[in-house]
Structures are given as structure tokens and as C-alpha cells.
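Okay, so here's the structure we're looking at.
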Amino acid sequence: MEQEAFGEIKVNEVREAVLNGVIIESYPDDDPYPSCLIYGKTTEGRPLHIVCAYGKDEDIVVIITVYQPDPGKWINFERRKP
């Protein structure tokens with residue numbers, strides 16, 4: 001998150017984006033836990049993508065990666081451009 005191309009991403013920004021976000025892609029067959037891609041915005045309006053996994057039996061959420069999506073590769077930051 002410190003080396004992000006669009007500027008460092010702070011932990012509080014990740015929290016804000018997850019709490020206000022929506023799942024835009026789901027990866028139910030990922031191992032060891034199913035995962036998903038969440039798109040959310042910070043309170044300042046910064047768009048973020050967060051890939052996270054959920055271990056139901058352990059009741060844990062694992063943040064795998066966080067990045068600010070490139071507007072040249074996404075439509076409204078929710079759909080990949082063809």
C-alpha cells in the first residue's frame with residue numbers, strides 16, 4: 001500500500017472503502033478461502049479495490065491486496081474494460 005502508483009493507501013482508507021463498498025467480483029473456488037473483489041470509496045471519495053478472503057470456520061477476514069484502480073482499465077471502477 002505504500003508503493004501504490006496513485007499515492008500511499010492508509011489503513012483507515014481501506015476500512016472506509018470496505019465499510020462503504022460492494023462486491024464486484026467473487027472467487028468462490030479460491031483456496032484456502034473463498035475471496036472477492038470489493039470496490040469502495042473513502043470518505044474523501046478515493047476509489048479503492050480490496051481483494052479479501054473469508055475463513056468461515058475460523059471467522060477471519062484476510063486482506064490480500066489493496067490498490068487504487070486505474071481508470072484506463074475500469075468502467076466506473078466496477079467493470080473491467082474490454
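Of all alpha-carbon pairs in the stretch 1-47, indicate the percentage at a distance above 18 angstrom.
40 percent
When the trypsin sites (Lys or Arg not before Pro) in the stretch 1-74 are filtered for DSSP coil states and for at most 10 other beta-carbon atoms within 10 Å of their beta-carbon, the remaining sites are K56, K73. Phi angles across the stretch 33-40 convert, under the Karplus curve 6.51 cos²θ - 1.76 cosθ + 1.60 with θ = phi - 60°, into 3J(HN,Hα) values of 10, x, 9, 7, 10, 9, 10, x Hz, Gly and Pro given as x. Relative contact order of the chain: what whole-number percent is it, with Cα pairs under 8 angstrom and at least 6 residues apart? The value is 23 percent. Between I75 and D31, the distance separating the two model label sites (each 7 Å from Cα on the Cα→Cβ line) works out to 3.4 nm. Which longest uninterrupted range of the chain lacks any GluC sites (Glu not before Pro) assigned by DSSP to a loop state (not H, G, I, E or B) and surrounded by at most 15 other Cβ atoms within 10 Å? Counting only loop sites that pass the neighbour cut-off, the longest clear stretch is 9-43.
Gain on full extension, evaluated as 0.36 nm per residue between N12 and D59 minus their Cα-Cα distance, stands at 14.8 nm.
Charge dipole (Cα centre; +1 on Lys/Arg Cβ, -1 on Asp/Glu Cβ; no other charges) of the chain amounts to roughly 460 debye.
Report D for the chain in µm² per second (integer): Stokes-Einstein, Kirkwood Rh on Cα pairs, 37 °C, 0.692 mPa s.
250 µm²/s
Taking +1 at the Cβ of each Lys and Arg and -1 at the Cβ of each Asp and Glu, which of Y33, G55, I75 sits farthest along the dipole of the chain towards its positive end, judged by Cα position relative to the Cα centre? Of Y33, G55, I75, it is I75.
Less than 5 angstrom separates the built amide H of E25 from those of L37, all sequence-distant by 5 or more or on a different chain.
Each reported figure results from applying straightforward, stated rules to the coordinates on display, with no laboratory input. Being a predicted model, the structure only gives us computed values, none of them experimental. Note: ideal-geometry Cβ built from the backbone for every residue, glycine included; neighbour counts use all protein chains shown.
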